[in-house]
Each structure stands twice: as structure tokens, then as C-alpha cells.
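Trainee: To start, I am sharing the structure in question, which I have written as C-alpha cells.
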Amino acid sequence: MSQRTDRLDSQIQQELMDLFQREMADPRIGFATVTRVETARDLGHARVWVSVLGTDEERERSLKALQVATPWLRRRLGDRLTLRHVPELSIRLDESIASGDRVLRLLRELDEEKAPPSIDGSSD
């Protein structure tokens, strides 16, 4: 990727986070974080990965609400960025944080199972 697309990815990520935190009023959207943005070389499309805290149902509901809000987000980005053409946004759910959390939880459980009992016979 070029420096231009890298810079644009960073700008889009920052502006979307600001829009999520300050201007979006949709109650279906929970705590959403933009984890990554990848803009196509022709600057026509941008894939936006979003991590949402909550249950699977809450994450799905938030993702659908964000996808419905995509035209509004794109217009707001056009107001904030100095671009002739604002890329089409494709919002996707980023499962990496949830997956990492699940792995850490499993490792912690394994560690607790393997922990030797303390001298007094009770577990810590």
C-alpha cells in the first residue's frame, strides 16, 4: 500500500471513531470501535472493521445499524475530509478481539486446572 492510502486509512478510522462517539444517536449501536480501515488503491472503496462489545445478538444488531448508517457516515466523512470522492464504506465485524479474549479465558482456565493445591489443602 502507498503512504497516501495508509494516511487515508488512518484519517477515516479517526473520523469514524469521532462520529461513533459524538454524533451517532442510534440506540442499537452499542460500544463500537473501529479497529482497522483498508482503502482500495483506486480510493473507491474502504473496508472498515468494527469491534462491538456485547453478546452475539448485540453485536449483530450493532453491525446492522452501522451498515444502515453507512450513507450518513459517508456524507459526514465528506464534510470532514478533503477528498473529491469519499470511498464507499463496507462495514464488517472484527472478531479478533473477541477471539483473543476467548483464548485468554481458555488459557486462564487451563492454568487454574493445572495449578497445584496449596499446602493447607485449599485452592487459591
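Trainee: Just to be sure before I move on: is S51 surrounded by fewer than 13 Cβ atoms within 10 Å (Cβ to Cβ) and among the hydroxyl-bearing types (S, T, Y) in the structure I sent?
Mentor: Here the answer is no, as S51 does not meet what is asked.
Trainee: Going residue by residue through the range 80-94, is there one that turns out to be at pLDDT 80 or above, under 21 Å from the mean Cα position of the chain (by Cα) and part of a helix (DSSP H, G or I)?
Mentor: Of all residues in the range 80-94, those at pLDDT 80 or above come to 80-94.
Subsequent filtering for residues that are under 21 Å from the mean Cα position of the chain (by Cα) retains 80-81, 86-94.
Pick out the ones that are also part of a helix (DSSP H, G or I) and you get 80.
Scanning the range 80-94, I find at least one residue that is at pLDDT 80 or above, under 21 Å from the mean Cα position of the chain (by Cα) and part of a helix (DSSP H, G or I), so the answer is yes.
Trainee: OK, next. Taking the condition of being part of a loop (DSSP other than H, G, I, E, B) and either charged (D, E, K, R) or touching a residue at least 12 places away in the same chain (Cβ under 8 Å) (or both), how many residues in the range 2-34 meet it? Step through it out loud before you land on a result.
Mentor: Filtering the range 2-34 for residues part of a loop (DSSP other than H, G, I, E, B) gives 2, 23-31.
Subsequent filtering for residues that are either charged (D, E, K, R) or touching a residue at least 12 places away in the same chain (Cβ under 8 Å) (or both) retains 2, 23-24, 26, 28-31.
Here the count works out to 8.
Trainee: If you check R108 against the conditions, is it assigned to a helix (DSSP H, G or I), of a type in the set (D, E, K, R), at pLDDT 75 or above and farther than 16 Å from R47 by Cβ?
Mentor: Details: assigned to a helix (DSSP H, G or I): yes; of a type in the set (D, E, K, R): yes; at pLDDT 75 or above: yes; farther than 16 Å from R47 by Cβ: yes.
Answer is yes for this residue.
The values are calculated or read from the model by the stated rules, or taken from the named source; none is laboratory data. In this text, all values refer to a predicted model and were calculated from it rather than measured experimentally. FYI the Cβ positions are ideal-geometry reconstructions off the backbone, even for glycines, and counts take in every protein chain you see.
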